[in-house]
1. Over the Cα atoms of the range 57-116, what Rg and Dmax result, in angstrom?
2. For the pair residue 110 and residue 159, what calculated FRET efficiency results from E = 1/(1 + (r/R0)^6), where r is the Cβ-Cβ distance and R0 = 25 Å, to the nearest 0.05?
3. Given the convex hull over the Cα atoms of the range 57-194, what projected area results after averaging over all orientations, in nm²?
4. So how strong a dipole does the range 62-122 carry about its Cα centre when Lys and Arg Cβ are +1 and Asp and Glu Cβ are -1, to the nearest 20 debye?
5. Assuming R0 = 30 Å, can you tell me the calculated FRET efficiency for the pair residue 87 and residue 63, based on Cβ-Cβ distance, to the nearest 0.05?
6. Sorted by packing (mean other beta-carbon atoms within 10 Å per residue), highest first, where do 69-81, 124-136 land?
Amino acid sequence: MSSDAAPPAAPSRNPCCLCWCCCCSCSWNEERRRAWRASRESKLQPLPSCEACAPPSPEEVQSWAQSFDKLMHSPAGRSAFREFLRTEYSEENMLFWLACEELKAEANQHVVDEKARLIYEDYVSILSPKEVSLDSRVREGINKKMQEPSAHTFDDAQLQIYTLMHRDSYPRFLSSPTYRALLLRGGSQSSNEA
């Protein structure tokens with residue numbers, strides 16, 4: 001076995017085994033996961049949830065075609081784009097990006113540790129069914145940073161996935177029936193108001 005196959009567990013994290021990525025199902029990991037999920041459910045997320053969004057105005061829908069940043073800064077835009085990504089079987093890209101945004105807003109180091117580990121398990125681990133596509137350089141960087149996770153552990157990966165969505169999925173979204181339907185709905189709303 002290669003000496004650089006997996007980094008040892010960080011001593012300050014008190015792991016019960018040598019499984020540094022928390023892929024085992026030991027009780028220590030399960031208790032930490034339950035505690036984090038409970039705290040996550042009780043907190044307001046920094047980005048408004050899609051269900052809390054008001055329907056977008058026709059102008060807002062049209063602005064999404066101007067730039068990917070405008071789409072991603074709009075809660076309704078993220079919701080529509082996420083629905084589109086689901087049809088392309090790549091919703092995990094948006095979920096990963098949102099999880100990274102939530103992690104960056106966290107100040108409590110214990111919660112940062114938990115969120116970072118869950119993000120790793122859910123989106124970076126090669127064992128995850130929701131694994132995002134990252135190059136080896138970024139993946140190696142994450143593996144090193146996971147020994148002492150921070151709110152910025154996934155910054156390079158988040159940028160890579162953002163760029164992937166921007167270059168690959170966003171142009172298809174703009175020509176999709178999903179987006180065209182939103183444009184038509186906006187056009188019919190504004191003609192009804194006239």
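Rule-based calculations on the coordinates, nothing more; no lab input. Fair warning: this is a prediction, and the values are worked out from it, not measured in the lab. Here the Cβ is made from the backbone with ideal geometry for all residues, glycine too, and neighbour counts use every protein chain on show.
1. When restricted to Cα atoms, the range 57-116 yields Rg and Dmax of 14.0, 43 Å.
2. On the way: r = 26 Å, r/R0 = 1.04.
Efficiency computed from Cβ-Cβ geometry: 0.45.
3. On the way: hull surface 36.3 nm².
The directionally averaged projection comes out at 9.1 nm².
4. On the way: 7 positive and 12 negative charges, 54 e Å.
It works out to roughly 260 debye.
5. Values: r = 22 Å, r/R0 = 0.74.
Using R0 = 30 Å, I get an efficiency of 0.85.
6. Working: 69-81: 19.2, 124-136: 13.4.
Most protected by this proxy first, the peptides run 69-81, 124-136.
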